[in-house]
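The values are calculated or read from the model by the stated rules, or taken from the named source; none is laboratory data. No experiment lies behind these values; they were computed from the predicted model shown. Here the Cβ is made from the backbone with ideal geometry for all residues, glycine too, and neighbour counts use every protein chain on show.
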Amino acid sequence: MRKLDDVNFGQDIRNLRAEDNVISIEESEKFMIEKKKKEMIEKFGELIKFVDNRYENSNIAKNEEQLGEFKKHNRQILELVIEEGIKRGISDDEIEILVASAVLHDLCKGDVAPEWAKGIDNFMVAYHGEAVAQEIESSEELQAIIREKLGDENFDENIKKLQTAFRSHMGPGVNADSLGKDENEIEDSKIGFMAKMRRGINAKLKERGMKELKHPLPEKGDDISEILLAADMFSLASPGGVQKVLKIRSLVPNFKKEDQELCSEYQNDGIELSLGEAALISAFNSGNSARDMFENKNDQKWIQKAIDQTESFKGFKYGVDDKNAELVNAQVVKEKMIAYEEAKKQREFRERIDEAA
């Protein structure tokens, strides 16, 4: 059998067959992915450093753990988009644009909100995609780095592709078309974490007479935007992403209030639920909403893998301080969710009988 490092990458080694005594398709694809990751991390090192510097000089840096999580997330998304891009067979040029989008997608997340949005909680969490889309159009420093990495040819078109990817990388959090409703008509229980946050922010913007924020789905055929969104949703639905959601929900008063209300709902049907368990149910709902907003079945299957990992995880922590945090077992929470749905059905059945009597 020929060694992997002897393979000529001028040919598509994914077509080499195991029965020809070369290497298997799976081995060749895995080797291509690892080789491309190393190559892209080296090529886009300056852009990665640009983003790291922004984080280190923003509000994110006030919390060393949070700073580390942001950098870790960016690296995860970078590696995920390379892996998925190669699996989908997109061109090398598209992979480079995809890598640039992954490196930059959260650039502005730790920035201070613009003056017109001051006082709106979590504004930059929802607005950062639009913010970076605007920045790559106006920043000469950033454009110079992008031009060096992606080249002069089709530069303006590449900038537009990046802007489109940034604006859609969070997605709407719900597939309103599949439910046959306007997004604002859908009840909170059927929308994701970010969609709920955006709904609250838009209410504040409306009070100020301002245009509401939109997180669109990528257009069909836009592989760059779709892969970036799918990678971000995979991260959200994975154990690491869910742990971040639990920490946020333990800190934000509105989310704590929602979780307390959910505990009361469960208790009314005889099921004891802790705040951490309620927060995890919200995270589960966000993961499911992230999966369901995709029409592409392969995207749905990919995100379902992350959901499966999360649902079998036993060591989630709810609270600001890890030492005193509540430990939350996902399997126990899933059992309580099933028990609640069954109790709810029985209660509603009894209510219908009482009404008919």
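When the test is whether a residue is in a helix (DSSP H, G or I), charged (D, E, K, R) and surrounded by 15 or more Cβ atoms within 10 Å (Cβ to Cβ), Asp299 passes it. Is it true that some residue in region 68-81 is in a loop (DSSP other than H, G, I, E, B) and in the same structural domain as Phe166 (by TED's automatic domain parsing)? So far as region 68-81 goes, no, none of its residues is in a loop (DSSP other than H, G, I, E, B) and in the same structural domain as Phe166 (by TED's automatic domain parsing). Checking every residue in region 314-337 against the condition of being surrounded by 13 or more Cβ atoms within 10 Å (Cβ to Cβ), aromatic (Phe, Trp, Tyr), touching a residue at least 60 places away in the same chain (Cβ under 8 Å) and more than 24 Å from Gln66 (Cα to Cα) gives zero matches. Evaluating Leu246 against the criteria (1) over 23 Å from Arg167 (Cβ atoms); (2) without any contact (Cβ under 8 Å) to a residue 24 or more places away in the chain; (3) not aromatic (Phe, Trp, Tyr) leaves one unmet condition, (2).
Looking across region 85-121, the residues that are surrounded by 23 or more Cβ atoms within 10 Å (Cβ to Cβ) and either of a type in the set (Ser, Thr, Tyr) or under 11 Å from Ile227 (Cα atoms) (or both) come down to Gly85, Leu98, Val99, Ser101, Ala102. Per this entry, Lys87 is not counted among residues that are in a helix (DSSP H, G or I), without any contact (Cβ under 8 Å) to a residue 40 or more places away in the chain and touching an Asp or Glu at 6+ places or on another chain (Cβ under 9 Å). Here region 302-323 is the region considered, the condition is being in contact with a Lys or Arg (Cβ under 7 Å, 6 or more places away or on another chain) and among the β-branched types (Val, Ile, Thr), and the residue that is nearest to Lys87 (Cα to Cα) is Ile303. Filtering region 244-257 to residues that are within 14 Å of Asn285 (Cα to Cα) and modelled with pLDDT of 90 or more leaves only Leu246.
Would you pick out the residues in region 267-281 that are small (Gly, Ala, Ser) and surrounded by fewer than 24 Cβ atoms within 10 Å (Cβ to Cβ)? Hits for region 267-281 are Gly270, Ser274, Gly276. Among the residues examined, Ala339 does not qualify as part of a helix (DSSP H, G or I) and in contact with an Asp or Glu (Cβ under 6 Å, 6 or more places away or on another chain). Taking the criterion of being farther than 20 Å from Gly287 by Cβ and modelled with pLDDT of 90 or more, would at least one residue in region 232-241 satisfy it? The answer is no, given that none of the residues of region 232-241 is farther than 20 Å from Gly287 by Cβ and modelled with pLDDT of 90 or more.
Within region 109-138, the residues that satisfy the criterion of being free of Cβ contacts under 8 Å to residues at least 40 places away in the same chain and within 16 Å of the chain's Cα centre (by Cα) are Met124, His128. As for region 309-325, it holds no residue that is over 16 Å from the mean Cα position of the chain (by Cα), under 18 Å from Ser264 (Cα atoms) and assigned to a helix (DSSP H, G or I).
Residue-by-condition table, conditions (1) modelled with pLDDT under 95; (2) in contact with a Phe, Trp or Tyr (Cβ under 7 Å, 6 or more places away or on another chain):
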{"position": "Leu273", "(1), (2)": "no, yes"}
{"position": "Ala278", "(1), (2)": "no, no"}
{"position": "Ser282", "(1), (2)": "yes, yes"}
{"position": "Asn285", "(1), (2)": "yes, no"}
{"position": "Ser289", "(1), (2)": "yes, no"}
{"position": "Met293", "(1), (2)": "yes, no"}
{"position": "Ala306", "(1), (2)": "no, yes"}
{"position": "Lys314", "(1), (2)": "yes, no"}
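Among the conditions (1) in contact with a Lys or Arg (Cβ under 6 Å, 6 or more places away or on another chain); (2) small (Gly, Ala, Ser); (3) not assigned by TED's automatic domain parsing to the domain that holds Lys344, Gly192 misses just one, which is (1). Out of region 205-231, which residues are among the hydrophobic types (A, V, I, L, M, F, W, C) and in a loop (DSSP other than H, G, I, E, B)? Residues satisfying the conditions are Met210, Leu213, Leu217. The test for being modelled with pLDDT of 95 or more, surrounded by 21 or more Cβ atoms within 10 Å (Cβ to Cβ), within 27 Å of Arg54 (Cα to Cα) and not aliphatic (A, V, I, L, M) does not hold for Gly171. When you scan region 111-130, do you find a residue that is within 16 Å of Ser235 (Cα to Cα), at pLDDT 95 or above and outside the structural domain of Arg249 (by TED's automatic domain parsing), even just one? No, because not a single residue in region 111-130 is within 16 Å of Ser235 (Cα to Cα), at pLDDT 95 or above and outside the structural domain of Arg249 (by TED's automatic domain parsing).
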